[in-house]
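Participant: I am attaching a structure below and will ask some questions about it afterwards.
Read-outs: derived from the displayed coordinates by stated rules, not from any lab. If you're wondering where the values come from, they're calculated on a predicted model, not measured in any experiment. When we count neighbours, we look across all protein chains shown, and the Cβ atoms used for this are built from the backbone with ideal geometry, even at glycine.
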Amino acid sequence: MSPWKSASLLVVAVLALAACGADRQAAKDAATPPASPNPCDLVAPTTIADVVGPSLPLTVGGYGLPDKTTGSCSWSFGLDTKASDDVRRPRERQLHIDAETWKGDPCAEVKPGKRATAVSGLGDKAVLDLSVKGGVLKFCRAHQLAKVTWWAVDWQASKAVSVQDSAYEDTLVRLGREVLDRWDEARPVTINQFMPKRSDGPEPPEACELVKGETLAIVGVDPETAHPLGTPSFGNTQCTWDLSVDNIGHKPGERFSRHLSVDIQSYGGEWGFRGTERAGTTARQFSHGWQVSPDSTLGGGAVVVDDHEGNGLAAYRAFTISVELRARDFGWTETKPNPSDERLEEWTRLVTDDVMQAMPR
């Protein structure tokens, strides 16, 4: 056999091997579902602030399955804003997004239900189901499937108030359109079937040592009644103060009832977020729930008064500081009233500021 013929056969063999390798790679690629987007990227932070409120995205990543890859992300808000005044305030918000990329066509999964209605302008097929708590929007387009779940409950005049179906429909359709718009630009989901690692937060200081004696005197509680609660090693300390029995008033206008509580909560790293992020989000949720402007000097928290009780929540580093103050005077009359709401707010803020300044630097 001539050298030229041998070389030709060698080239043919190499090309054949290359073709086989390409075929094997193509077969491998065909057997691997394409990456789904990270669902946490599918809605903008401004949208989360609007439909949920201050919230951190919670996700354990995605799952790689034989026929698809999938990921999920959740945002939540919950606060006891139950109050006697006739004001509507958010009580609970939940948003959950599932994003999947299929090898085949997922549109068979988009089925109408008892209360499900078709929605136009969202992919190849979309249905909106309001038969569950809140609402679920499911839609598909070539190899892609998404499910958006959102629900909301408010407080008004001490009662839970549900959101109207029309509000659910408008919000879910708006969310669905944003998910589609951001789908192709989102990061690929991280395949991870394990819970994110959690780290413990710093040990909180003893709460009974954080309020100045002169502040306790202004508020009207007896320092000798300090009662420590909580366990620093478990990330929580609390202290309560009351009036001394000997100091309870018997004349109109005298102090009759006082109760002060200071609670320090420590936050560790969890779900990929630092303790400072978790504490700050908790403080901003308090402001959002009570519909007051977040106070930067309180780490985004606020001080409010409801039903003659002062409440304050502040964030400092990886800690939240919660203050509650109740005050009543004996023989209440129009000329000898209980401490005003303005005075209660002033006292509650004074205690909160004391604690903020006394926290470990």
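Participant: From the Cα gyration tensor of segment 98-218, with a ≥ b ≥ c the square roots of its eigenvalues, which class applies: rounded if a/c is under 1.5, or else prolate if a/b is larger than b/c, or else oblate?
Facilitator: Note, shape of segment 98-218 comes out oblate.
Participant: Also, quick follow-up: When Kirkwood radius over Cα pairs in Å is calculated directly from the model, which label among (1) 20.3; (2) 23.3; (3) 24.5 fits?
Facilitator: Given (1) 20.3; (2) 23.3; (3) 24.5, the structure-derived one carries the label (3).
Participant: Follow-up question, since we're still on this one. For segment 276-337, what does the relative contact order come out to in percent, with C-alpha contacts under 8 Å and a separation of six or more?
Facilitator: Result for segment 276-337 is 29 percent.
Participant: Let me ask something else about it. Is any residue of segment 257-281 close enough, with backbone N under 17 Å, to a label point placed 7 angstrom from the Cα of THR231 along the Cα-Cβ axis, and if so, which?
Facilitator: Inside the label zone: 264-268.
Participant: Grab the beta carbon distance between ARG328 and ALA358, set R0 = 22 Å, and tell me the FRET efficiency rounded to 0.05.
Facilitator: 0.20
Participant: Mind giving me the nanometre distance, one decimal, between the label points for ALA217 and ASP86, set 7 Å out from Cα along Cα→Cβ?
Facilitator: Going from the ALA217 label point to the ASP86 one covers 4.5 nm.
Participant: Shifting gears a bit: Tabulate in residue order the Karplus-calculated ³J(HN,Hα) for segment 302-307, using 6.51 cos²θ - 1.76 cosθ + 1.60 with θ = phi - 60°, rounded to whole Hz; enter x for Gly and Pro.
Facilitator: 6, 10, 9, 10, 9, 6
Participant: Taking only complete DSSP H runs, can you tell me which helices of the chain stretch 15 Å or more along their own long axis by Cα positions and average at least -1.0 on the Kyte-Doolittle scale?
Facilitator: Counting only whole DSSP H runs, the qualifying helices are 3-31, 165-183, 341-358.
Participant: My understanding is that a pair violates if its Cα-Cα distance is over 28 Å; which of LYS138/LYS197; LYS133/LYS197; LYS103/LYS138; LYS68/LYS111 do that in this structure?
Facilitator: LYS138/LYS197; LYS133/LYS197
Participant: Testing the spin-label approximation: label points 7 Å from Cα along Cα→Cβ at SER158 and LYS251. State their distance in nm.
Facilitator: For SER158 paired with LYS251, the spin-label model returns 3.5 nm.
Participant: Could you compute the net charge surrounding PRO39? Neighbours are other residues with a C-beta less than 15 Å from the C-beta of PRO39; K and R count +1, D and E count -1.
Facilitator: -2
Participant: Which of these, PRO337, PRO202, PRO294, has the largest mean-square fluctuation under a Gaussian network model of the chain (Cα springs below 10 Å)?
Facilitator: Its mean-square fluctuation being the largest, the pick is PRO337.
Participant: I'd like the Karplus ³J(HN,Hα) series for segment 56-68: coefficients 6.51, -1.76, 1.60, θ = phi - 60°, whole numbers in Hz, and an x wherever there's a Gly or Pro.
Facilitator: Once rounded to whole Hz, the list reads 9, x, 10, 8, 9, x, x, 10, x, 10, x, 10, 6.
Participant: Taking amide H positions as placed 1.01 Å from N in the peptide plane, with prolines and chain starts having none, which residues 5 or more places from VAL87, or on another chain, fall under 5 Å of its amide H?
Facilitator: Under 5 Å from the amide H of VAL87: ALA157.
Participant: Once you've got the GNM for the chain with C-alpha springs shorter than 10 Å, pick whichever of VAL87, VAL221, VAL262 has the biggest mean-square fluctuation.
Facilitator: VAL87
Participant: Right, next: Pull out the extension gain between ASP306 and GLU203, defined as 0.36 nm times the separation in residues minus the alpha carbon to alpha carbon distance; nm, one decimal.
Facilitator: In short, 34.0 nm is gained.
Participant: Taking only C-alpha pairs under 8 Å that are 6+ residues apart, what is the relative contact order of the chain in percent?
Facilitator: 14 percent
Participant: Restricting to DSSP H runs of at least four residues, report the calculated mean residue ellipticity at 222 nm for the chain, -39500 (n - 2.57) per run over all residues, nearest 500 deg cm²/dmol.
Facilitator: That comes out to -8500 deg cm²/dmol.
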